[in-house]
Amino acid sequence: MFTYPQIDPVIFSLGPLQVRWYGLMYILGFIAAWLLAGYQTRLFQWKELQKHIDNINLVLICGVILGGRLGYILFYNFSYYLKHPLEIFATWQGGMSFHGGCIGVILCGFLYCWRNKLDFWKTADIYVVTVPIGLGLGRIGNFMNSELYGRVSEVPWAMVFPNGGPLPRHPSQLYEALLEGVVLFLILWLLKSRPWQKEKSRWWPHGSMTALFLILYGIFRICIEFFREPDPQLGNVLAGMTMGQLLSGIMIGVGIAIWSWKRKAAETS
């Protein structure tokens, strides 16, 4: 059994203001997305998006935060927040949903692209390959907060989490950081140029990176949920599946539908 490192989730305090590792992970993820999206616009010589890079980053950040918070409220703890509506705004207490953040980013990105006459699928493909960095950092933040830990286990690397009771558990946050962060980023980053290459665009049309992200994230998340402790207020929600598995299954279906649709459109164009 490994010993859980003693980590103070607060980096430092300035009076009532606390700077936390989890918040820092979000900031680093946003910075990475901004830098790598800008790099790709130069690599693929898409000057049209270069003009909007700062504005669209701000819009997407708002989509992540608003969508993530609302997603957690609706998907994971609706009855609680229905009784305590003022706590909806208490984001410092935690409570963010990746699936909600994903929906928020898609909606905000689509509206921005539509209003500014940018190609949504090209834009989505550029940004989606940067998302795993933020995901991986966010899971490390969860680990530092001793939250979203795994199920009770006897594997040699199991840990006793301060907030998880006396029994050792899977460090499922680190599993997610590895699969949803490192592995997913490497796959998408290595394939990112395919939609921009004419000889490969039939098989990899614009939108295929977005579809691949949805499919792979969904698969990775479903697998890891078998090691992650279900949310106590929900448990298993349908046919033995957790809410994370249910939402990830929908993601996989949407990803397959997008890729099929874009492939057919590329073949007939």
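Here are the numbers for the structure shown:
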read-out: Test: L14 is surrounded by 13 or more Cβ atoms within 10 Å (Cβ to Cβ) and aliphatic (A, V, I, L, M); value: no
read-out: Residue match in segment 49-59 (condition: among the aliphatic types (A, V, I, L, M), under 29 Å from V160 (Cα atoms), free of Cβ contacts under 8 Å to residues at least 40 places away in the same chain and surrounded by fewer than 16 Cβ atoms within 10 Å (Cβ to Cβ)); value: no
read-out: Unique match (being surrounded by fewer than 18 Cβ atoms within 10 Å (Cβ to Cβ) and among the aliphatic types (A, V, I, L, M)) among I258, I187; value: I187
read-out: Residue count, segment 1-40 (criterion: outside any loop (DSSP other than H, G, I, E, B), closer than 30 Å to G165 by Cα and more than 21 Å from the chain's Cα centre (by Cα)); value: 8
read-out: Any hit, segment 150-160, residues being more than 22 Å from I250 (Cα to Cα), more than 23 Å from the chain's Cα centre (by Cα), of a type in the set (F, W, Y) and part of a loop (DSSP other than H, G, I, E, B); value: yes
read-out: Residue ID - modelled with the lowest pLDDT, chosen from residues in segment 82-115 that are of a type in the set (S, T, Y) and either touching a Lys or Arg at 6+ places or on another chain (Cβ under 9 Å) or closer than 14 Å to D231 by Cβ (or both); value: T91
read-out: Odd one out for E267 among (1) outside any loop (DSSP other than H, G, I, E, B); (2) modelled with pLDDT under 95; (3) closer than 25 Å to L107 by Cβ; value: (3)
read-out: Residue match in segment 121-136 (condition: at pLDDT 95 or above and either farther than 22 Å from L28 by Cα or surrounded by fewer than 18 Cβ atoms within 10 Å (Cβ to Cβ) (or both)); value: yes
read-out: In segment 172-215, residue farthest from G138 (Cα to Cα) [restricted to those that are outside any helix (DSSP H, G or I) and of a type in the set (S, T, Y)]; value: S201
read-out: Yes/no for G104 being without any contact (Cβ under 8 Å) to a residue 60 or more places away in the chain, surrounded by 17 or more Cβ atoms within 10 Å (Cβ to Cβ), under 17 Å from the mean Cα position of the chain (by Cα) and assigned to a loop (DSSP other than H, G, I, E, B); value: no
read-out: Selected residue (only one of L148, L186, L137, L179 is under 26 Å from G63 (Cβ atoms) and touching a strand residue (DSSP E or B) at 6+ places or on another chain (Cβ under 8 Å)); value: L148
read-out: Residue among L24, L36 that alone is within 26 Å of M209 (Cα to Cα) and either crowded, with 17+ Cβ neighbours inside 10 Å or not small (G, A, S) (or both); value: L36
read-out: Enumeration of residues in segment 21-46 that are among the hydroxyl-bearing types (S, T, Y) and without any contact (Cβ under 8 Å) to a residue 24 or more places away in the chain; value: Y39
read-out: Residue within segment 111-119 that is at positive phi and assigned to a loop (DSSP other than H, G, I, E, B) present; value: yes
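The values are calculated or read from the model by the stated rules, or taken from the named source; none is laboratory data. Note that the coordinates shown come from a computational prediction; the quantities given were computed from them, not determined experimentally. Glycine gets a Cβ as well: all are built from the backbone with ideal geometry, and neighbour counts include every protein chain shown.
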